[in-house]
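Inspection log for the structure reproduced underneath, given as structure tokens.
Coordinate-derived values only; no laboratory data. Predicted model only: the values in this text are computed from it and were never measured. Neighbour counts are summed over all protein chains in view; Cβ atoms, including those assigned to glycine, are modelled from backbone coordinates with ideal geometry.
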Amino acid sequence: MNTIYQAKAIVLEKPESVVLSELKLSPVTETDVVVDIEWSGISTGTEKLLWSGRMPHFPGMGYPLVPGYESVGKIYQAGIRSGYQPGQRVFVPGARCFGDVKGLFGGAASRVVVPASRVIGVDNKLGAEAVLGGYRQGVGWYCHQHSQGRECCVCPRSGYCAWYSVCWAGVWRTC
């Protein structure tokens, strides 16, 4: 598994400076999976603070940084000892695979390399409904057709609603 992959990624170079970059990913091991990201969560708190330069010190964060929170994608390549197969959809709680570019969560990339032990398999039928924020919060999100005809994922505990729209890698917008 000597293949070195690349990914398109949003990179915060410094406060108020963002670019779309092609980044070399970490080498793939036999216990890793290569995941093509379909959807990624956005934090309106942390990422806003990173954008403005007001983020308090936190281990693993700084500049340059690939933002993006928990992600969902399909496995492109699975290491022989990963326990997964190409084509399986997985939840990715974060990836640090961008070399010198930080990526505590790293979901704003087209592809990531991550240890298989960190991902969680999800039903392929769920698609975007693979409940991005819900895993982290420990609550079960569900999706339904909103009266305006758009899909809306709702946290049953808080009533929080997350609209989603597809961008180059797929992102969520909160309402």
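Report, in debye and to the nearest 20, how large the dipole of region 31-117 comes out about its Cα centre when Lys and Arg carry +1 and Asp and Glu carry -1 on their Cβ.
Working: 8 positive and 6 negative charges, 13 e Å.
Value, rounded to 20: 60 debye.
Of Asp100, Asp32, Asp123, how do they rank once you tally other Cβ atoms within 10 Å and put the fewest first?
Values: Asp100 7, Asp32 26, Asp123 10.
Ordered by Cβ neighbours within 10 Å, fewest first: Asp100, Asp123, Asp32.
Kindly rank 50-57, 110-117, 19-26 from highest to lowest mean number of other beta carbons found within 10 Å of each residue. Write out the running numbers ahead of the final one.
Numbers: 50-57: 12.1, 110-117: 21.1, 19-26: 15.1.
The densest-packed peptide leads the list: 110-117, 19-26, 50-57.
Counting Lys +1, Arg +1, Asp -1, Glu -1, what net charge surrounds Pro115 among other residues with beta carbon under 14 Å of its beta carbon?
Details: positive: Arg81, Arg96, Arg118; negative: Glu30, Asp32.
Summing Lys and Arg as +1 and Asp and Glu as -1 gives +1.
Please rank Val122, Val101, fewest neighbouring Cβ atoms within 10 Å first, as an exposure proxy.
Details: Val122 17, Val101 20.
Exposure proxy ranking, most exposed first: Val122, Val101.
Could you tell me which of Val35, Ile10, Met55 has its Cα farthest along the dipole of region 1-73 towards the positive end, charges placed at Cβ (Lys, Arg +1; Asp, Glu -1), taken about the Cα centre?
Met55
Kirkwood Rh, Cα Rg: Rg to Rh for region 6-126? Each step should come with its number before you reach the end.
Details: Rg = 14.1 Å, Rh = 14.3 Å.
Over the Cα atoms of region 6-126, Rg/Rh equals 0.98.
Using only Cα atoms, locate the centre of region 22-65 and the centre of region 72-113, then give the distance between them in Å, rounded to an integer.
With region 22-65 and region 72-113 each reduced to a Cα centre, they are spaced 12 Å.
Dipole magnitude of region 1-58 about its Cα centre, charges +1 at Lys/Arg Cβ and -1 at Asp/Glu Cβ only, in debye to the nearest 20? Walk me through the intermediate numbers first.
Values: 5 positive and 8 negative charges, 63 e Å.
It comes to approximately 300 debye.
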